[in-house]
Amino acid sequence: MTSEVEKAIAEIRHAFAGRMVEAEDEPQGGAYVIVDGVSIGAAYAPSVTWFGFLISFQYPHADVYPHFIDPQVKRVDGGSLASGFSGPTDWRGRPVIQVSRRSNRWDPTVDTAVAKLLKVIEWVKEQ
Amino acid sequence: MSRPFRLTIDQVLFEKLYRHLFPGDRDEHGAVIAAGIGETDRGPRLLAREVFLARDGIDYVPGKLGYRALSAEFVAHVASYCAEQNLSYLAVHCHGGTDSVEFSDVDFQSHERGYPALVDITKGGPVGALVFAERAVAGDIWTMRGRHAFERLTVVGPSVQTLFPSPPLEPQFSNSIYDRQARLFGDVGQHILSRLKVGIIGLGGGGSLLSEWLSRLGIGHIVAVDFDQVDVTNLSRVIDASRWDAKAWLAQRRNPWLQKIGRRFARLKVDVARRVAKRANPRIQYDAIDGDVLEESTARLLTDVDFLFLASDSIQSRLVFNSIVHQYLIPGAQIGAKVSVGENGRIEQVSVATRPVLPFPGGGCLQCHELIPAARLQMESLSDSERRAQRYVDDEEIVDPSVITLNVLSAGQAANDLMMMFTGLYQPMVQLSHQIGFVRERTRSDVESRSREVCLDCGNGPSSRRARGDRVRLPCRMPS
């Protein structure tokens with residue numbers, strides 16, 4: 001993987017210290033990343049899930065999206081998931097719920113994969 | 001014998017340096033250029049990234065042996081900066097004279113005393129010196145392997161100028177094929193075009209036009225990159241592409257197996273473009289590269305061109321193009337046509353774009369103009385099946401409109417820009433701004449220049465790739 005992607009993964013591991021962070025090479029130089037044990041709040045069951053995503057080989061120029069979570073995640077109140085969620089669909093051979101939060105103002109000098117993940121987690125919690 | 005070094009500098013930095021060296025007092029002044037480097041088949045290219053002006057009497061002081069010299073403190077400060085930034089150190093001063101210049105014996109002795117140590121300090125250099133006259137420059141370059149010759153300085157701006165140690169011999173170049181156009185820019189202009197190496201990314205509707213026109217113009221060397229083959233739907237706009245090239249009698253059969261054979265044996269677009277170019281100019285050197293500019297080995301073939309065209313729709317290619325332009329100080333232009341189709345298939349806007357990109361802040365950087373959307377880069381990095389799963393593809397049968405007469409509008413301006421820049425025919429006040437033509441309204445407008453100091457491509461910040469050459473990676477796929 002590229003040095004920029006390696007750096008992004010190191011930042012994710014640092015921010016999620018104590019939780020399992022798996023990173024697998026993507027053939028072009030990017031990485032498939034899964035961060036496990038992320039709390040998404042009491043509005044969901046299960047309230048803890050994993051987040052998966054691709055960091056492209058053209059990161060940091062490329063946005064990091066969409067993110068994927070456990071397909072079992074449902075709202076506790078029985079309501080449907082918000083409009084940014086879709087699925088279940090397939091990601092790397094496993095069923096997932098897709099969380100689409102595109103950054104239209106992504107700035108490669110400021111935005112990072114870890115900051116994007118934290119924003120997406122926060123967005124999920126707020127729904 | 002190693003190939004002589006060349007130096008490329010953008011016009012903004014050159015003007016800053018030139019004003020300092022020649023303020024009108026006819027005295028000697030000094031500076032240092034910090035430069036990246038690109039190794040190429042045509043020899044090493046030094047790429048000016050920063051200029052440090054030596055203040056008279058403080059940084060540029062009376063010398064012990066010569067008239068003046070850079071102070072030890074100034075040299076130490078800039079040399080350590082170059083070592084830290086992995087840049088080459090080039091000391092600069094000026095002499096009197098106009099069209100030719102050379103170092104004095106005292107200059108050479110000073111290089112021999114100082115540069116072997118400076119090569120070590122800057123982690124192998126190169127290091128060296130340049131001496132300027134008003135319209136000439138000579139150089140003395142040092143590496144771990146010793147001393148190297150210096151050939152020329154190229155200044156990249158709306159006019160591309162070249163300075164040599166002394167005036168090159170007037171070319172004995174006269175060819176009746178070019179008689180009419182040489183009446184515009186002279187035999188010297190024709191000679192300049194014949195020495196140019198031009199890259200084209202994408203040999204489809206726009207790129208094939210450029211390729212033919214440049215060949216007829218007398219460009220000496222074209223590097224054309226495309227991995228695509230001719231398809232029957234290309235015949236309306238890829239120059240000289242025929243049904244035979246597209247293997248139409250197979251590709252249009254109902255039998256999918258025959259269609260597949262037809263697609264497999266269809267001619268590459270770069271091969272069609274080479275055929276056209278060779279017919280126009282049998283002496284042209286034409287590198288028809290069956291490759292993808294996202295592969296680093298292919299992208300590197302374009303790091304030594306004198307001008308680079310981007311005529312591909314892919315945003316990933318746009319990122320690589322913008323990186324090559326800034327990292328290797330190569331002027332370029334992106335061309336394209338866009339047809340916006342609204343609901344119910346109604347045509348909304350028809351626009352054509354010609355976007356010159358010069359390698360300095362405000363030079364038309366595609367990043368600064370927000371023309372490299374981060375989301376599109378991410379989407380294009382996915383496989384077809386991933387794109388389908390993530391629902392980025394609604395209907396594979398929907399293909400964007402593309403029309404040869406629209407391509408002509410954007411490609412024509414870009415080809416003309418190249419010709420005018422290298423033959424020095426643009427008026428001094430010309431700004432090479434992006435131009436957008438609105439075809440339905442029959443209007444054309446210039447886009448105001450934008451730049452961001454922190455831009456990773458054109459900016460001056462420590463993370464920017466501008467003028468770093470081989471010392472940073474291009475945003476290509478990692479070699480497997």
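The values are calculated or read from the model by the stated rules, or taken from the named source; none is laboratory data. Note that the structure is predicted; figures quoted are calculated from it, not measured. Every residue, glycine among them, receives a Cβ derived from its backbone with ideal geometry; neighbour counts consider all protein chains shown. Accessible surface areas use protein heavy atoms only, side chains included; no ligands, DNA or RNA. Shrake-Rupley method; radii C 1.70, N 1.55, O 1.52, S 1.80 Å.
Scanning region B:1-55 for residues being among the hydroxyl-bearing types (Ser, Thr, Tyr) and closer than 19 Å to B:ASP306 by Cβ gives a total of 2.
Annotation: of all residues in region A:59-110 being touching a strand residue (DSSP E or B) at 6+ places or on another chain (Cβ under 6 Å) and among the aromatic types (Phe, Trp, Tyr), the one that is farthest from the other protein chains (Cβ to nearest Cβ) is A:PHE85.
Of all residues in region B:139-154, which are open to solvent by 30 Å² or more (accessible area, probe 1.4 Å) and within 25 Å of the chain's Cα centre (by Cα)? Correct list: B:ALA149, B:GLU151, B:ARG152. Criterion applied to A:VAL35, A:VAL5, A:VAL21 was being closer than 19 Å to A:LYS125 by Cβ and not aromatic (Phe, Trp, Tyr), and the one residue passing it is A:VAL35. For region B:70-111, residues that are among the aliphatic types (A, V, I, L, M), touching a Ser or Thr at 6+ places or on another chain (Cβ under 7 Å) and not in a helix (DSSP H, G or I) total 0. If you go through region B:466-480 and keep only what is open to solvent by less than 80 Å² (accessible area, probe 1.4 Å), in a loop (DSSP other than H, G, I, E, B) and within 11 Å of another protein chain (Cβ to nearest Cβ), you end up with B:VAL472, B:ARG473, B:LEU474, B:PRO475, B:CYS476, B:MET478.
For (1) over 30 Å from B:GLU453 (Cβ atoms); (2) of a type outside the set (Lys, Arg), each residue gets a yes or a no:
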| residue | (1), (2) |
| --- | --- |
| A:VAL73 | yes, yes |
| A:VAL76 | yes, yes |
| A:ALA82 | yes, yes |
| A:VAL99 | yes, yes |
| A:ARG102 | no, no |
| A:ALA113 | no, yes |
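Of all the numbered requirements in (1) open to solvent by 60 Å² or more (accessible area, probe 1.4 Å); (2) in contact with a strand residue (DSSP E or B) (Cβ under 9 Å, 6 or more places away or on another chain); (3) on the phi > 0 side of the Ramachandran plot, B:GLY43 misses one, and that requirement is (1). Test B:ASP400 against the stated conditions and say whether it is open to solvent by less than 20 Å² (accessible area, probe 1.4 Å) and of a type in the set (Asp, Glu). Criteria not met by B:ASP400. Among B:ILE201, B:ILE239, B:ILE192, which is the only one that is within 30 Å of B:ASP271 (Cβ to Cβ), open to solvent by less than 30 Å² (accessible area, probe 1.4 Å) and in contact with a helix residue (DSSP H, G or I) (Cβ under 8 Å, 6 or more places away or on another chain)? On inspection, the qualifying residue turns out to be B:ILE201. Only a single criterion out of (1) crowded, with 20+ Cβ neighbours inside 10 Å; (2) over 14 Å from B:VAL305 (Cβ atoms); (3) touching a helix residue (DSSP H, G or I) at 6+ places or on another chain (Cβ under 8 Å) is not satisfied by B:PRO165, namely (3). Remark: pairs (first residue in region B:435-458, within 14 Å of chain A (Cβ to nearest Cβ); second residue open to solvent by less than 60 Å² (accessible area, probe 1.4 Å) and assigned to a strand (DSSP E or B); Cβ separation under 9 Å; 6+ apart in sequence or on different chains) = B:CYS458/B:VAL357. Of the residues B:SER463, B:SER402, the single one that is within 14 Å of chain A (Cβ to nearest Cβ), among the hydroxyl-bearing types (Ser, Thr, Tyr), at negative phi and in a loop (DSSP other than H, G, I, E, B) is B:SER463. If the condition is being β-branched (Val, Ile, Thr) and within 14 Å of another protein chain (Cβ to nearest Cβ), then region A:1-58 contributes A:THR2, A:VAL5, A:VAL33, A:ILE55. Note on region A:75-87: among residues that are out of contact with any Ser or Thr (no Cβ under 9 Å at 6 or more places or on another chain) and surrounded by 13 or more Cβ atoms within 10 Å (Cβ to Cβ), the one that is farthest from A:GLY30 (Cα to Cα) is A:ARG75. Taking every residue in region A:2-23 that is aliphatic (A, V, I, L, M) and pairing it with any residue that is loosely packed, with under 13 Cβ neighbours inside 10 Å, at least 6 positions away or on another chain, yields no pair with a Cβ-Cβ distance below 6 Å.
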